[in-house]
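Let me begin by presenting the structure, written as structure tokens, before commenting on it.
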Amino acid sequence: MINLAILISGRGSNMRAILKFASKKKTINPVIVISNNHLAPGIKIASKFGIQTEIIENTKDQNVYDKKLLTTLKKYDVTPKNGLICLAGFMRILSNDFIKKYKNRIINIHPSLLPAFHGLNAQKQAIQYGVKYSGCTVHLVDSGIDTGPIILQAITKVDEHDNIVSLSKKILSKEHQIYVRAIELFAAKKICIKGRIVKINK
Ligand code: GRF
């Protein structure tokens, strides 16, 4: 069983998908949803699922923020041994020290087929580039922006009539599918990480 912390900043649809999925799985134990934005709509959704929520508002000093984060994770027993931290639309960079502490225990979902279109507005980047296929990626978090080892990806066709809104919608529904799958694999200890390469054990 893994203790899950979900970090959000906004809408929380991936968080909702994770909480729904976890409610049917004995191996995944969501213990805390943390938001850096007290106005995040996801906070109310988390409460409806009966999960504890904590607001850690942004601070300018990265170390101050990450210390608060560490204290909160400890409080809810999300440790580098038994825990998994899922970034789900969490709009904040974590410090290298923090990432080192939770090495290979932090994952993120990104709305593009990495390494294409990392960073902000990935769907807009895809539309403007004119790609015919896009998708989403679940990856481990390292010190770069959306650069960590790739766990799972899903592909979406970009049609001629697609715009940022329609593509985002198509990608989002895939996000909800692969994020929970990646967490399930992680909880089942089926993810084997060697450098950049992630292998999924059968
Ligand atoms: C998703 O598109 C995710 O890929 C990106 O931020 C968005 C968060 O959406 N990292 P939600 O808050 O999960 O609905």
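Helix 62-75 and the long axis of the chain differ in direction by around 60°, with both axes built from C-alpha atoms.
In whole percent, how big is the carbon plus sulfur part of the accessible area of the chain, probe 1.4 Å, protein atoms only?
Result for the chain: 55 percent of the exposed heavy-atom area is carbon or sulfur.
Note that region 43-53 has calculated 3J(HN,Hα) couplings of 5, 5, 5, 4, 4, 4, 7, x, 9, 5, 10 Hz, one per residue in order, obtained from phi through the Karplus relation 6.51 cos²θ - 1.76 cosθ + 1.60 (θ = phi - 60°); glycine and proline are x.
For a paramagnetic label modelled on ASN58 (point 7 Å from Cα along Cα→Cβ), amide N atoms under 15 Å away belong, within region 97-129, to 120-121.
As a length-normalised measure over Cα pairs under 8 Å and 6 or more apart, the relative contact order of the chain settles at 19 percent. On the basis of the beta-carbon distance and an R0 of 35 Å, VAL165 and ASP77 show a calculated FRET efficiency of 0.30.
Pairs spanning more than 27 Å between alpha-carbon atoms, out of LYS132/LYS194; LYS25/LYS157; LYS75/LYS103; LYS68/LYS170: LYS132/LYS194; LYS25/LYS157; LYS68/LYS170.
Here the calculated FRET efficiency for MET1 and LEU70, from their Cβ-Cβ distance with R0 = 22 Å, stands at 0.55, rounded to the nearest 0.05. Looking at the chain, the accessible area is 54 square angstrom per residue; that uses a 1.4 Å probe and ignores ligands, DNA and RNA. In the chain, helices alone account for a calculated mean residue ellipticity at 222 nm of -10500 deg cm²/dmol, with every DSSP H run of four or more residues adding -39,500 (n - 2.57). Across region 107-202, the relative contact order, built from alpha-carbon pairs under 8 Å that are at least six residues apart, equals 26 percent. When the residues TYR133, TYR102 are ordered by accessible surface, computed with a 1.4 Å probe over the protein chains alone, the sequence from largest down reads TYR133, TYR102.
Using only side-chain charges placed at the Cβ, +1 for Lys and Arg and -1 for Asp and Glu, the dipole size of region 72-134 relative to its Cα centre rounds to 200 debye. Each Cα pair of region 1-65 feeds into the Kirkwood radius, which the Stokes-Einstein equation turns, at 20 °C and 1.002 mPa s, into a diffusion coefficient of 176 µm²/s. Between the helical axis of 164-187 and the longest alpha-carbon principal axis of the chain there is an angle of about 40 degrees. Note that the chain shows a convex hull volume over its alpha carbon atoms of 119 Å³ per residue. Put simply, the Cα atoms of region 33-91 extend 30, 29, 18 Å along their principal axes, the longest span coming first. Note on ARG11 and GLN153: with the Förster distance fixed at 22 Å, the Cβ-Cβ geometry gives a FRET efficiency of about 0.50. Backbone geometry of region 123-130 corresponds, through the Karplus equation with coefficients 6.51, -1.76 and 1.60 at θ = phi - 60°, to 3J(HN,Hα) couplings of 5, 5, 4, 5, 4, 5, 7, x Hz, x marking Gly and Pro.
Couplings 3J(HN,Hα) for region 26-31, derived from phi with the Karplus relation 6.51 cos²θ - 1.76 cosθ + 1.60 (θ = phi - 60°), are 6, 7, 10, 10, x, 10 Hz, where x marks Gly and Pro.
The values are calculated or read from the model by the stated rules, or taken from the named source; none is laboratory data. Please read all numbers here as calculations on a predicted model, not as lab measurements. Because the Cβ atoms are built from the backbone with ideal geometry, glycine has one as well, and the counts that use them run over all protein chains shown. Just the protein is used for accessible areas: all its heavy atoms, side chains included, with ligands, DNA and RNA removed. Shrake-Rupley method; radii C 1.70, N 1.55, O 1.52, S 1.80 Å.
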